[in-house]
1. So how many residues does segment 23-49 have that are surrounded by 13 or more Cβ atoms within 10 Å (Cβ to Cβ) and among the polar types (S, T, N, Q)?
2. Yes or no: LEU81 more than 21 Å from the chain's Cα centre (by Cα), closer than 30 Å to TRP21 by Cα and among the hydrophobic types (A, V, I, L, M, F, W, C)?
3. If I ask for residues that are modelled with pLDDT under 90 and not polar (S, T, N, Q), which ones from segment 120-135 would you list?
4. Only one residue in VAL50, VAL25 is at pLDDT below 90, more than 23 Å from GLU106 (Cα to Cα) and β-branched (Val, Ile, Thr), so which one is that?
5. Hey, does segment 108-117 have a residue that's within 20 Å of GLY35 (Cβ to Cβ) and assigned to a strand (DSSP E or B)?
6. Under 7 Å between Cβ atoms, at least 6 apart or on separate chains: pull out the pairs that start in segment 80-103 with a residue that is free of Cβ contacts under 8 Å to residues at least 12 places away in the same chain and end on any residue that is surrounded by fewer than 16 Cβ atoms within 10 Å (Cβ to Cβ).
7. Failed condition for ARG62, given (1) of a type in the set (D, E, K, R); (2) over 16 Å from ASP79 (Cα atoms); (3) at pLDDT 90 or above, with all others met?
Amino acid sequence: MSPLLGKASPVLTEKDLNRLWSKVVKGQGENDCWGWTDVLSKDGYAYLGVDGRKGGKFLVHRLLYELMIGPIPDGKELDHLCRNRWCVRPDHQEPVTRQVHVSRGEATSSLHARQTHCIHGHPFDLFNTGYYRGNRYCRACRRAFDKKRSPRHCRRRRK
């Protein structure tokens, strides 16, 4: 059993399944997303309340993945390949490790990690990449910056 919002997979009754499927809208094309017509979380994910107040809320894309494909492997998370958080279509989900999931994201850190050249076109390779306090920088750009600095500043620094 795989955790859904920190809980074990629920046992869905026929009533719960009917409620779930009544809120799914399948796209017209064979690869279109399946939309969720009910409430979304503040993060944009579809969720469903199961078993009244005592049952809790579960992420629908995880429920459908487990119902239609199988259990989510331990240590894996589902990544939306279509990049739509509201999509609940199981074949648009892929179980991946947290590291892979984060690296595929659109956050600034993910975009910078995928960057292969600096803004001036120099490659981030073994010889041209420096690191300072956990951040990488372009050594060629740094050398150009240091050359442009005032000579007076450089003399003061050498003393």
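The values are calculated or read from the model by the stated rules, or taken from the named source; none is laboratory data. What you see is a predicted model; the values in this text were computed from it and never measured. Using ideal geometry, Cβ is built from the backbone for each residue, glycine included, and neighbour counts are taken over all protein chains shown.
1. Selection size over segment 23-49: 1.
2. Numbers: more than 21 Å from the chain's Cα centre (by Cα): no; closer than 30 Å to TRP21 by Cα: yes; among the hydrophobic types (A, V, I, L, M, F, W, C): yes.
Criteria not met by LEU81.
3. Of segment 120-135, the ones modelled with pLDDT under 90 are 134-135.
Once the filter is applied, which keeps residues that are modelled with pLDDT under 90 and not polar (S, T, N, Q), segment 120-135 yields only GLY134.
4. On the way: VAL25 fails: at pLDDT below 90.
After ruling out the rest, the residue left standing is VAL50.
5. As a first pass, look at segment 108-117 and keep what is within 20 Å of GLY35 (Cβ to Cβ): none.
Looking for residues that are within 20 Å of GLY35 (Cβ to Cβ) and assigned to a strand (DSSP E or B), one finds none in segment 108-117, hence no.
6. Here the result reads VAL102/SER110; SER103/SER110; SER103/ALA113, each pair linking segment 80-103 to a residue that is surrounded by fewer than 16 Cβ atoms within 10 Å (Cβ to Cβ).
7. Condition (2) is where ARG62 drops out.
Yes/no per residue for (1) in the same structural domain as LYS26 (by TED's automatic domain parsing); (2) exposed (fewer than 11 other Cβ atoms within 10 Å of the Cβ):
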| site | (1), (2) |
| --- | --- |
| THR108 | yes, yes |
| LEU126 | no, yes |
| THR129 | no, no |
| ASN135 | no, yes |
